[in-house]
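Enquirer: What follows is a single structure, and I will ask about it in a moment.
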Amino acid sequence: MAKDAEKSTWKDFIWNSRTREFCGRTGSSWGLILLFYLVFYIFLAGMFCLTMYVMLQTLDDYKPTWQDRLGTPGMMIRPRGKAMEISYNTTNTETWDMYIKTLDNFLSPYNNSLQAEKNEECTPDQYFVQADSGDVKNNPKRSCQFNRTFLEKCSGLDDHTYGYQAGKPCIIIKLNRVIGMLPGKDGQAPFVTCGAKKEDSDKIGEVEYYPENGTFNLMYYPYYGKKAQVNYSQPLVAIKFLNITLNEDINIECRIISNNIPPGSVRDKFAGKVSFKLRINTKG
Amino acid sequence: MAYSQCFSVSLSHTNTHTHTYALSLSLSLSLSLSLSLPSLSVSLFLLSLSLSSFSLSLPSLSLFLLSLSLSLSLSLSLSLSLSLSLSLSLSVSVSLSFPPSLSTFQTEHKMSIEECCRKFNTDIVQGLTNAKAAEFLIRDGPNCLTPPPTTPEWIKFCRQLFGGFSILLWTGAILCFLAYAIQAATEDEPAGDNLYLGIVLSVVVVVTGCFSYFQEAKSSKIMESFKNMVPQQALVIREGEKMTINAEEVVAGDLVEVKGGDRIPADLRVVSAHGCKVDNSSLTGESEPQSRSPDCTHDNPLETRNVAFFSTNCVEGTARGIVVCTGDRTVMGRIATLTSGLESGKTPIAKEIEHFIHLITGVAVFLGITFFILAVCLGYTWLEAVIFLIGIIVANVPEGLLATVTVCLTLTAKRMAKKNCLVKNLEAVETLGSTSTICSDKTGTLTQNRMTVAHMWFDNQIHEADTTEDQSGASFDKTSASWAALARVAALCNRAVFKAGQDQLPILKRDTAGDASESALLKCIELSCGSVKQIREKNKKVAEIPFNSTNKYQLSVHETEDPNDNRYLLVMKGAPERILDRCTTIIIQGKEQPMDEEMKESFQNAYMELGGLGERVLGFCHLLMPEDQYPKGFAFDCDDVNFTTESLCFVGLMSMIDPPRAAVPDAVGKCRSAGIKVIMVTGDHPITAKAIAKGVGIISEGNETVEDIASRLNIPVSQVNPRDAKACVIHGTDLKELSQDQMDDILRNHTEIVFARTSPQQKLIIVEGCQRLGAIVAVTGDGVNDSPALKKADIGVAMGISGSDVSKQAADMILLDDNFASIVTGVEEGRLIFDNLKKSIAYTLTSNIPEITPFLLFIIVNIPLPLGTITILCIDLGTDMVPAISLAYEAAESDIMKRQPRNPTRDKLVNERLISIAYGQIGMIQALGGFFSYFVILAENGFLPSILVGIRLNWDDRACNDLEDSYGQQWTYEQRKIVEFTCHTAFFVSIVVVQWADVIVCKTRRNSVFQQGMKNKILIFGLFEETALAAFLSYTPGMDVALRMFPLKHRHTSTQTDIHLHKQIVIDIHLHKQTYTYTNR
């Protein structure tokens, strides 16, 4: 009996035909509540938009307010592999085909013709400073050419497989863009050096850098940001492993050597350095 | 496990006594035991499920989880409704099983003494043989009450761990572990968040559980100290020899002797008595001692004169009786066992918390399922969606609330203990606040439990004596010579004496040896005329006839004070009409006048008037014996009276009553203005009960009972419309004949009710009747007879000083000063804590929205997570705690004692409206504030809001270390995570900031903050503490590693002044709360 009563009260609660109440309220009551919330939320949304708008007005279009987290620029490789692990089988095309495609895609904006069309040749070994004069912006800013051919054997022009088929793969290294960063002082350009982790040091074999010495030429700096420097070409360094030990995991770490890039935090494995694993299999 | 335990209990019951109710008692016990642990079984069930889930393959796991989470909420609500319906049927069965229990009791009082002896194999002179006694002792067990089966400590502890709120947190914790298990099984590097959260939740529950366990253990320790540890002795006659043995060794059939001052060791069938009077107040509530004699005077064993009951006191005289029942089989024992079989039901606050859990679970499951479906639609895998589902459900759990509520209740319990209300069960703190009916025992609670002279009649005038406890009341004219004569009679014709060694105590506090009314006279005279001892020394007693029921008087003969006067003084007191019959003269203004008809008439009027006040009236007379007939040295023979006891001189009347406590009328008045109905339930006579009820305001001035109206209008009672009478006095025998409907009718239609002559079962029926009408009932009482009602009541209030152990065990709360007025304090504190808990909960719940919305947006629009688990915990268990607790110190907004008690069906602790304002309004404002600071941090670091949507996959990819921001810069994983954690910190700080405003909003429910003021020092401290803690958490070096909280730049902190803008809106809302949303009713 008690159960029946309870049931009917539940039913009554959801729709009480006597008082025409839905969930304990009449339609007009629900309507008022919804109206209140509608108005209230519109008001809140308007308030929020207003504050956001004011906040965005305080921002500079060309340079973020804070860059202190980017003191040490990150480094990255191409191809990225799967979770910084590049492994393939020389005999199986499918296993390295995607790396080739990635590199092709990545390097296509660096084709000499494109570079010549959009960018200009700059004086090497010195910063390409294009200062604004006071409030008058010197925009758009020009960019320097970085031709694909600078990468020589790793440009993919002669060897379409970037050495992957031969077991002498190319890895392209880049330094993260940071607006206004000047990576070397006294005209000394930063350069990349790669080495194996301790236990693998004898397995890495000979490594070749392109451009020469693995330097990032100073003329590509400073970077002025996406908006001011639309056609900026990020300088690259390619490394080619000439006789790396096959069929084994090799942990490689590349780091930037520069006289004014501070060493990154211990926790960040990609600040000013990049480590990855390389494994080249030859057997079926 | 629970069942095996109750089975053994039920066995022991049937072993010891095979009464009809034994079965239903054990049944109810087993039900209550099994019901008290549903939460435990649910959590165990979950645990086993989660364990088994590891062995399942993963795809099926996701489906299984979904069904689990659904079934979880279902099974919770099912088990709750089940327990509800079961407890309903339970109460019915218990109430039905009571009536036969006492009426089938002893018949020994109707047997002759010989029959009785035969029945117990005993002898009226020799007593039992030692061998028989030993045999019976083995057969029946020791003569003591089996203590109610105390819940083992570990069960009490488990109840703290798995009761109420805890179950919510446990569910959350288990879900967290489940989510972590899934992540661990599917991901290489699972985020530890779920694991930490699960651990923290468990720790919180365990710590709060321990806290409240120890808190309650503390009050039960105080309880223990009440226990009377002195073993009782009894004087038995075995094999013709008197011997003093431990009362526990008394067996049925023993011949026992008791004398004044003894505690009766077992239920006795009196075989002989000499002026024996017993105080049955602890059993029946009657405060007047009753005489005992060998004759059966009533069919009801409780009313008959020839039975003396276990654990009542023999006040005076001596008696000898055969033990008919021992231990649990005694009347007292039976009442005590009735009590232990009663299910007391959930406290109102427990029900409220249950309702709250339902609401929260409802919101959580609704949100969870909605976003689960959304997540699946958005293309997340099932497994991810399940983890989101769990995450959302868990995020809805207010981690800090359990601790907050416990601390708030504890604080109030402490405050109440300071005001002499000791709370045994933390949850009972609030119950008094919701109470709508108080059923109060009379003796000892409303009254002082001490006979006191209230009125005197001399010089043809009624004089009022001072009955207050501290002698602050009015005094009467003591100069009259008649008074001197009356005082002399009262002092001399009196056998009561003060016990030795109490000279420094106030007179009223001293213990006396003797009859209650004689003690009352003694104290009265001692107070007004000085040392009675000296008066007695000056007037040496020569002869004495003690009171007996045939004479109905007591007389003594004394020498006079004046050494030259050789006359003897005869003093007599007794039943007024008998005394009057013996008098021919009367003293008026110190002069003897002949007793005429007019005088007799005015005597009658005075007698009736005093009797009508429920007072016990005694008449006094004296006679200076003529010297010629009774010369000095006359040998008075008291057995064969050889002197005149006629033609005496009437001196006056004195009437006594157990007067109400001074603070009670005020307290009753406060209860009334607080909308609480006070019902008096007593075992005493209706006239006395009514007089006291009028005296304390339970029947207020001008309100009449049906009988009053009848006598006023001079019509028969049957012609009076019962609706005209607001007050009523109901006799226990009438109560017996009332049907349930009639009972409900009485309780509903009369505002001022007195139940007189009620038995323990009837008390229970009254309590049940009130509860049936939806009232939350508080019962106060001190006697064993009250304990079933104490247990049955929503809150039982026992008396700390006069209360019996059984009643204290049955009660939820103990008044340390035995003062009814302390209940009012309890009500006030209870109402305050209800209001303040509501505020605390509103405050705590509000921050749930800014804690959940980040996660929801993280899932739906794929932005970097704005607020992490650790920061959420920092809010819930860190910064929010002190302000939430400080709300418990908030002063009452208006006179809460002028309000009606809350209606338990309508006024919920947490209702839709509170959720609506906390979640829908303030919570949303807070969330916007938080998101604003989040967008500021990200935008100033280069990630404009426009690119954030959809960035999550790359953002959380450890291998992506060249993520481009809005300006073309590239970020490594760690670099952007630091920004993200800075966002968490900023979001955290902004929640702290908006919670400043929120605590001020929640501080009041009806008043504006300007009316209420900022007088709550703890709250102000809480504001500073919260801020300091937030600063500590974000700026202490090392926090980046420990809690992944990064310092904010000053500019960022200052942009949060912008959030003050939002805060202003919050305050705006607060200002219009009175007009629209926040009425809470």
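Enquirer: If I filter segment B:1033-1044 for residues that are within 14 Å of another protein chain (Cβ to nearest Cβ), within 30 Å of A:ARG177 (Cβ to Cβ) and touching a residue at least 12 places away in the same chain (Cβ under 8 Å), do I get at least one hit?
Expert: yes
Enquirer: While we're on this one: Hey, which of the strands (runs of 3 or more DSSP E) in segment B:559-636, taking only ones fully inside, have at least 3 residues that are in contact (Cβ under 8 Å) with a residue 40 or more places away in the chain? Steps first, please.
Expert: Details: elements: B:568-574, B:583-588, B:591-594, B:616-625.
Strands (runs of 3 or more DSSP E) meeting the threshold: B:568-574, B:583-588, B:616-625.
Enquirer: Filter the helices (runs of 4 or more DSSP H) completely within segment B:893-972 down to those with at least 2 residues that are more than 8 Å from chain A (Cβ to nearest Cβ), modelled with pLDDT under 85 and more than 21 Å from B:LEU865 (Cβ to Cβ). Quick ask: steps written out before the conclusion?
Expert: Working: elements: B:912-915, B:923-940, B:945-948, B:952-955.
Passing ranges, in order: B:912-915.
Enquirer: Would you confirm whether or not segment A:119-133 contains a residue that is within 30 Å of A:PHE276 (Cα to Cα) and within 14 Å of chain B (Cβ to nearest Cβ)? Even if it seems obvious, please write down each step before you answer.
Expert: Restricting attention to segment A:119-133, the residues satisfying the condition of being within 30 Å of A:PHE276 (Cα to Cα) are A:125.
Subset that is within 14 Å of chain B (Cβ to nearest Cβ): none.
Scanning segment A:119-133 turns up no residue that is within 30 Å of A:PHE276 (Cα to Cα) and within 14 Å of chain B (Cβ to nearest Cβ).
Enquirer: Ok, one more. Hey, any hits in segment B:853-874 for a residue that's aliphatic (A, V, I, L, M), in a helix (DSSP H, G or I) and within 14 Å of chain A (Cβ to nearest Cβ)?
Expert: Here is the first cut: in segment B:853-874, the ones aliphatic (A, V, I, L, M) are B:856-857, B:859-861, B:863, B:865, B:867, B:870, B:872-873.
Subset that is in a helix (DSSP H, G or I): B:856-857, B:859-860, B:870, B:872-873.
Then drop every residue that is not within 14 Å of chain A (Cβ to nearest Cβ), which leaves B:857.
Yes: one or more hits.
Enquirer: Restricting segment B:328-366 to residues that are outside any loop (DSSP other than H, G, I, E, B) and among the polar types (S, T, N, Q), which is modelled with the highest pLDDT? Spell out how you get there, then give the answer.
Expert: Just the residues of segment B:328-366 that are outside any loop (DSSP other than H, G, I, E, B), to begin with: B:328-329, B:331-340, B:348-366.
From what is left, the residues that are among the polar types (S, T, N, Q) are B:337, B:339-340, B:361.
Numbers: B:THR337: 75, B:THR339: 71, B:SER340: 69, B:THR361: 85.
My answer is B:THR361.
Enquirer: Criterion first (out of contact with any Cys (no Cβ under 8 Å at 6 or more places or on another chain), away from every other protein chain (no Cβ under 12 Å), crowded, with 22+ Cβ neighbours inside 10 Å and under 22 Å from A:ASP68 (Cβ atoms)) does A:ILE256 satisfy it? Don't jump to the end; show me each part of the working.
Expert: Working: out of contact with any Cys (no Cβ under 8 Å at 6 or more places or on another chain): yes; away from every other protein chain (no Cβ under 12 Å): yes; crowded, with 22+ Cβ neighbours inside 10 Å: yes; under 22 Å from A:ASP68 (Cβ atoms): yes.
Taking the combined requirement at face value, the residue satisfies it.
Enquirer: Based on what the data block shows, is B:LEU887 at pLDDT 90 or above, in a helix (DSSP H, G or I) and closer than 28 Å to B:LEU169 by Cα? Talk me through it step by step, then tell me what you get.
Expert: Details: at pLDDT 90 or above: yes; in a helix (DSSP H, G or I): yes; closer than 28 Å to B:LEU169 by Cα: yes.
Considered against the rule, which asks whether it is at pLDDT 90 or above, in a helix (DSSP H, G or I) and closer than 28 Å to B:LEU169 by Cα, B:LEU887 comes out as yes.
Enquirer: Among the residues of segment A:36-52, are any assigned to a helix (DSSP H, G or I), more than 7 Å from chain B (Cβ to nearest Cβ), among the polar types (S, T, N, Q) and under 30 Å from B:SER966 (Cβ atoms)?
Expert: no
Enquirer: To continue, here is another question. Can you tell me how many residues in segment B:822-837 are of a type in the set (Lys, Arg) and modelled with pLDDT under 90?
Expert: Result for segment B:822-837: 0.
Enquirer: Would you tally the residues in segment A:36-63 being crowded, with 18+ Cβ neighbours inside 10 Å and either within 17 Å of the chain's Cα centre (by Cα) or small (Gly, Ala, Ser) (or both)?
Expert: The total comes to 0.
Enquirer: A further question on this structure: I'm trying to understand the selection: among the residues of segment B:973-1010, which are among the charged types (D, E, K, R) and more than 7 Å from chain A (Cβ to nearest Cβ)?
Expert: Within segment B:973-1010, the subset among the charged types (D, E, K, R) is B:974, B:976-977, B:980, B:998, B:1003, B:1005-1006.
Once the filter is applied, which keeps residues that are among the charged types (D, E, K, R) and more than 7 Å from chain A (Cβ to nearest Cβ), segment B:973-1010 yields B:ARG976, B:LYS977, B:GLU980, B:ASP998, B:LYS1003, B:ARG1005, B:ARG1006.
Enquirer: Under the condition of being surrounded by 13 or more Cβ atoms within 10 Å (Cβ to Cβ) and in a helix (DSSP H, G or I), which residue from segment B:1003-1019 is modelled with the lowest pLDDT?
Expert: B:VAL1009
Enquirer: Would you tally the residues in segment B:546-605 being touching a Phe, Trp or Tyr at 6+ places or on another chain (Cβ under 7 Å) and surrounded by fewer than 13 Cβ atoms within 10 Å (Cβ to Cβ)?
Expert: 0
Enquirer: If you don't mind, another one. Residues that are closer than 24 Å to B:LYS591 by Cβ and aromatic (Phe, Trp, Tyr): list the strands (runs of 3 or more DSSP E) wholly contained in segment B:444-557 that include at least 1 such residues. Before the answer, list the steps.
Expert: Values: elements: B:452-458, B:461-464, B:541-545.
Once the strands (runs of 3 or more DSSP E) in segment B:444-557 are filtered for at least 1 residues that are closer than 24 Å to B:LYS591 by Cβ and aromatic (Phe, Trp, Tyr), what remains is B:452-458.
Enquirer: Consider A:ASP104 carefully, then state whether it is without any contact (Cβ under 8 Å) to a residue 24 or more places away in the chain, out of contact with any strand residue (DSSP E or B) (no Cβ under 9 Å at 6 or more places or on another chain) and of a type in the set (Asp, Glu).
Expert: Details: without any contact (Cβ under 8 Å) to a residue 24 or more places away in the chain: no; out of contact with any strand residue (DSSP E or B) (no Cβ under 9 Å at 6 or more places or on another chain): yes; of a type in the set (Asp, Glu): yes.
Criteria not met by A:ASP104.
Enquirer: On to the next question. Kindly check whether there is at least one residue in segment A:236-243 that is at negative phi and within 14 Å of another protein chain (Cβ to nearest Cβ).
Expert: Looking for residues that are at negative phi and within 14 Å of another protein chain (Cβ to nearest Cβ), one finds at least one in segment A:236-243, hence yes.
Enquirer: Of all residues in segment A:64-79, how many are within 7 Å of chain B (Cβ to nearest Cβ) and part of a loop (DSSP other than H, G, I, E, B)? First the steps, then the outcome.
Expert: Of segment A:64-79, the ones within 7 Å of chain B (Cβ to nearest Cβ) are A:64-66, A:69-70, A:74, A:76.
Retained after the next criterion (residues that are part of a loop (DSSP other than H, G, I, E, B)): A:64-66.
Qualifying residue count for the region: 3.
Enquirer: Only one of these is free of Cβ contacts under 8 Å to residues at least 40 places away in the same chain and among the small types (Gly, Ala, Ser): B:SER519, B:SER531. Name it. Please lay out each step first, then the result.
Expert: Values: B:SER519 fails: free of Cβ contacts under 8 Å to residues at least 40 places away in the same chain.
The unique qualifying residue is B:SER531.
Enquirer: Please go through segment A:106-141 and give me each residue that is of a type in the set (D, E, K, R), within 21 Å of A:ILE179 (Cα to Cα) and assigned to a helix (DSSP H, G or I), ordered by number.
Expert: Correct list: A:LYS118 only.
Yes or no, residue by residue, for (1) over 21 Å from B:ASN961 (Cβ atoms); (2) within 14 Å of another protein chain (Cβ to nearest Cβ):
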{"position": "A:VAL136", "(1), (2)": "yes, no"}
{"position": "A:PRO140", "(1), (2)": "yes, yes"}
{"position": "A:CYS154", "(1), (2)": "no, no"}
{"position": "A:PRO169", "(1), (2)": "no, no"}
{"position": "A:ASN176", "(1), (2)": "no, yes"}
{"position": "A:ALA189", "(1), (2)": "yes, no"}
{"position": "A:ALA196", "(1), (2)": "no, no"}
{"position": "A:ALA228", "(1), (2)": "yes, yes"}
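Enquirer: Same structure again: Being polar (S, T, N, Q) and within 23 Å of the chain's Cα centre (by Cα) is the filter; apply it to segment B:896-926 and report the residue that is surrounded by the most Cβ atoms within 10 Å (Cβ to Cβ). Steps first, answer last, please.
Expert: Of segment B:896-926, the ones polar (S, T, N, Q) are B:900, B:903, B:905, B:911, B:916, B:921, B:926.
Still in the list and also within 23 Å of the chain's Cα centre (by Cα): B:900, B:903, B:905.
Values: B:GLN900: 11, B:ASN903: 13, B:THR905: 7.
Result: B:ASN903.
Enquirer: Can you work out which of the residues in segment B:675-696 that are surrounded by fewer than 21 Cβ atoms within 10 Å (Cβ to Cβ) and outside any helix (DSSP H, G or I) is modelled with the lowest pLDDT?
Expert: Among them, the one singled out is B:HIS685.
Enquirer: Looking at B:GLU544, B:GLU597, B:GLU559, B:GLU609, which is the one that is within 44 Å of the chain's Cα centre (by Cα) and not hydroxyl-bearing (Ser, Thr, Tyr)? Steps first, answer last, please.
Expert: On the way: B:GLU544 fails: within 44 Å of the chain's Cα centre (by Cα); B:GLU597 fails: within 44 Å of the chain's Cα centre (by Cα); B:GLU559 fails: within 44 Å of the chain's Cα centre (by Cα).
Only one candidate qualifies: B:GLU609.
Enquirer: Name, by its number, the condition in (1) in contact (Cβ under 8 Å) with a residue 60 or more places away in the chain; (2) on the phi < 0 side of the Ramachandran plot; (3) within 12 Å of chain B (Cβ to nearest Cβ) that does not hold for A:LEU59.
Expert: (1)
Enquirer: Could I ask something else about it? Looking at segment B:72-155, what helices (runs of 4 or more DSSP H) fall wholly within it and have at least 2 residues that are surrounded by 15 or more Cβ atoms within 10 Å (Cβ to Cβ) and modelled with pLDDT of 80 or more?
Expert: Because the criterion is at least 2 residues that are surrounded by 15 or more Cβ atoms within 10 Å (Cβ to Cβ) and modelled with pLDDT of 80 or more, the helices (runs of 4 or more DSSP H) in segment B:72-155 that meet it are B:113-120, B:130-140.
Enquirer: Quickly run through segment A:80-98 and pick out the residues that are within 14 Å of chain B (Cβ to nearest Cβ) and in a loop (DSSP other than H, G, I, E, B).
Expert: If the condition is that a residue be within 14 Å of chain B (Cβ to nearest Cβ) and in a loop (DSSP other than H, G, I, E, B), then A:ARG80, A:GLY81, A:LYS82, A:ALA83, A:MET84 are the ones that fit.
The values are calculated or read from the model by the stated rules, or taken from the named source; none is laboratory data. Not measured: the values here are computed from a predicted model. For neighbour counting, all protein chains shown are included, and Cβ atoms are generated from backbone atoms with ideal geometry for every residue, glycine included.
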